[in-house]
Amino acid sequence: MKSTMQDAQLTVGRILTHAVAVHPTSEVLTATENGLRSATFAEVGERATRLAAALRGLGIDGDQRIGTFLWNTQEHLEAYVGVPAMGAVLHTINIRISNEQLVYVVNHAEDKIVLVQDTLLDILGPVLDQMKTVEHVVVVGPDAAVAIAGLAPRHFQAHEYEGLLSAAASTFEWPEVNERDAAVLCYTSGTTGDPKGVAYSHRSVYLHAMACSMADGFDIGGNDRVLPVVPMFHANAWGMPYTAMMVGAALVLPDRFMQSDQLVRLVERSHATIAGGVPTIWSDMVARVRTHGGDLSSLRVVFGGGSAVAVGLQRAMRDVCGVYMLQAWGMTETSPTALVSWPPYPEDHPAHWALRAKQGRLMNLVEARIVDDAGVELSRDGRAIGEIEVRGPYVTGSYYRVEAPDRFDDGWLRTGDLGTIDEIGFVSISDRAKDMIKSGGEWISSVDLESAIVGHPAVREAAVIAIPDPRWEERPMGVVALVDGATASPDELRGHLATQFAKWQVPDAWTFVDQVPRTSVGKYDKKRLRQMHADGAFGPDSDVVISAEESPAPDRDRA
Ligand code: AMP
């Protein structure tokens, strides 16, 4: 029997038209050097319409890719909705990856147009020559004209965003878009090898935003004021922008002002009620509030994710900042949010904190299982440890134009995370199978570092392991065996890496060994190396230098 229901495509355009029609007065606040600027959903909708008209004028008439190289701002939000709604594909480019990866992702996505923040043109400008598909560079921000003047004539045309918008029509005939077509393309550096593209469909964006809005997701409603500190260039800012627009919640966007002082002021001024960011952001906030005070009382819940969120941090957020903090887990491949650790028991229940240490329970529409090395499913008893695999309509089933059969298992995505699932569905991650390091929320590839380090003539063997760091969660450490009779200092090795890696990806800590220990199958035994480090076997970490000033803050220190 056929249903009698009407049909409608679940598209980003539908999120936009609903936001404008039903929540026209909801606000979008963006931090500036001198306070906040504000626009309504109606204004954002009008500007997104003009953006679509302007992009059409520049030749976008299908699923061409539009790159964005932008902070969390109103203009980025305009592209988030306007580009997919016109049938084109929004490619959010991570501003923190190395120049080599930057060139790779733009060329691989074949971006035709890139929207770039005026303050970020100094990063993108020097590599634009290697991005041959880019025909137009649109510079966003008050200093767009100055930034453009600094660009030498090249194979593309440069435009000011505001100029394009004011010259564009204020109406646009939004096309019928198929919900299964690509809406947004995000590259992840979370696997070995080149970054891999995950193409979200309109439908997956829509379903993910709905799941995020639910009470066991991010619990976002129309009265909320949502502050995604997590960048809009990393996994769709966890889906928060689309979710907020879907339900009429105000959005509070920090632009580049993400130091703890600036974020505390932003919360005080915007009265944000919900926020999300990597643990480093929140541990910096705790330190700031502890020393200088700050009123974060408007926040009813903040979500930490991207790396494990220690119970100690959750307690410190409560005790020092008066803020309820929960953990979320996800991957670029899962849209990204898939687990949230809402505890089923009150705080005085003996299991409460043990559950908050876990990554959480599945959001609606995602399934998970754990499997052993042979691919056999393990029991959900909270003890058996295996690789976590997930599937669902907002989990990717492949990567864009790259074969990666080893990442999938009979319709399930292999997450590369190891952990348990307990009887009440809480997933806990205990280790990572993928040979990657996550520092301040961004990836560093051990394998890439190792092959670059052995490229130094004095080096015979090199392994790179993740070591715990109080601020960045993890930092890379180089474990090096030198060629007999050769010498090389940590500084020399760092200098050797400087041209190939962003500065924050280069190891601070190094240790020199006669031989790097190996497993029975001849691979570097990183588990053992991590244990040796934990046991202090490498002595006082040769060179661990991470001061506040000289921090590897990904947004500042780039190659
Ligand atoms: P990305 O695709 O860059 O967002 O990275 C996804 C990966 O980050 C996951 O596969 C995990 O390894 C890690 N991750 C994300 N959230 C958490 C969390 N709450 N706890 C532990 N690891 C996490």
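Any chance you could count how many residues in region 137-148 are part of a helix (DSSP H, G or I) and within 20 Å of T92 (Cα to Cα)? Within region 137-148, residues that are part of a helix (DSSP H, G or I) and within 20 Å of T92 (Cα to Cα) number 1. Would you mind stating whether R475 is assigned to a strand (DSSP E or B), open to solvent by less than 50 Å² (accessible area, probe 1.4 Å), more than 12 Å from the ligand (Cβ to nearest atom) and basic (K, R)? Spelling it out, R475 is indeed assigned to a strand (DSSP E or B), open to solvent by less than 50 Å² (accessible area, probe 1.4 Å), more than 12 Å from the ligand (Cβ to nearest atom) and basic (K, R). Taking the listed residues R225, R203, the one that is surrounded by fewer than 21 Cβ atoms within 10 Å (Cβ to Cβ), touching a residue at least 60 places away in the same chain (Cβ under 8 Å) and either more than 16 Å from the ligand (Cβ to nearest atom) or over 30 Å from R300 (Cβ atoms) (or both) is R203, with no other qualifying.
Restricted to helices (runs of 4 or more DSSP H) entirely inside region 1-85, those with at least 3 residues that are open to solvent by 40 Å² or more (accessible area, probe 1.4 Å) and at pLDDT 95 or above are 12-22, 41-57. When K434 is tested against (1) in a loop (DSSP other than H, G, I, E, B); (2) more than 16 Å from the ligand (Cβ to nearest atom); (3) touching a strand residue (DSSP E or B) at 6+ places or on another chain (Cβ under 8 Å); (4) charged (D, E, K, R), just one condition goes unmet, and that condition is (2). If the condition is being in a loop (DSSP other than H, G, I, E, B), within 12 Å of the ligand (Cβ to nearest atom) and polar (S, T, N, Q), then region 295-315 contributes only S307.
Set side by side, the residues H271, H352 differ, and just one is more than 10 Å from the ligand (Cβ to nearest atom), open to solvent by 20 Å² or more (accessible area, probe 1.4 Å) and of a type outside the set (F, W, Y), which is H271. Do the conditions hold for V134, that is, is it among the β-branched types (V, I, T), open to solvent by less than 20 Å² (accessible area, probe 1.4 Å), in a loop (DSSP other than H, G, I, E, B) and away from the ligand (no atom under 16 Å from the Cβ)? So V134 fits the description; yes.
One residue alone among R401, R407, R414 is within 14 Å of the ligand (Cβ to nearest atom), open to solvent by 20 Å² or more (accessible area, probe 1.4 Å), at pLDDT 95 or above and within 21 Å of Y104 (Cβ to Cβ), and that residue is R407.
For region 444-456, check the following and say yes or no: at least one residue is assigned to a strand (DSSP E or B) and within 16 Å of the ligand (Cβ to nearest atom). Yes; the residues of region 444-456 include at least one that is assigned to a strand (DSSP E or B) and within 16 Å of the ligand (Cβ to nearest atom).
Is it the case, given these coordinates, that D469 is open to solvent by 40 Å² or more (accessible area, probe 1.4 Å), in contact with a strand residue (DSSP E or B) (Cβ under 7 Å, 6 or more places away or on another chain) and under 23 Å from W353 (Cα atoms)? Considered against the rule, which asks whether it is open to solvent by 40 Å² or more (accessible area, probe 1.4 Å), in contact with a strand residue (DSSP E or B) (Cβ under 7 Å, 6 or more places away or on another chain) and under 23 Å from W353 (Cα atoms), D469 comes out as no. Are any of the residues in region 158-180 in contact (Cβ under 8 Å) with a residue 60 or more places away in the chain and within 16 Å of the ligand (Cβ to nearest atom)? Checked region 158-180: no residue is in contact (Cβ under 8 Å) with a residue 60 or more places away in the chain and within 16 Å of the ligand (Cβ to nearest atom).
Pairs linking a residue in region 294-311 that is at positive phi to a residue that is away from the ligand (no atom under 13 Å from the Cβ) and open to solvent by less than 20 Å² (accessible area, probe 1.4 Å), with Cβ atoms under 6 Å and 6 or more positions apart or on different chains, are G294/V264.
The condition (being assigned to a strand (DSSP E or B), more than 27 Å from S445 (Cβ to Cβ) and either in contact with a strand residue (DSSP E or B) (Cβ under 7 Å, 6 or more places away or on another chain) or of a type in the set (S, T, Y) (or both)) is satisfied by just one residue among L185, L115, L151, L164: L115.
If you filter region 157-186 down to residues that are hydroxyl-bearing (S, T, Y) and open to solvent by less than 80 Å² (accessible area, probe 1.4 Å), you find that the one that is nearest to H234 (Cα to Cα) is Y161.
The values are calculated or read from the model by the stated rules, or taken from the named source; none is laboratory data. Keep in mind it's a predicted model, so treat the numbers as computed, not measured. When we count neighbours, we look across all protein chains shown, and the Cβ atoms used for this are built from the backbone with ideal geometry, even at glycine. Accessible surface areas use protein heavy atoms only, side chains included; no ligands, DNA or RNA. Shrake-Rupley method; radii C 1.70, N 1.55, O 1.52, S 1.80 Å.
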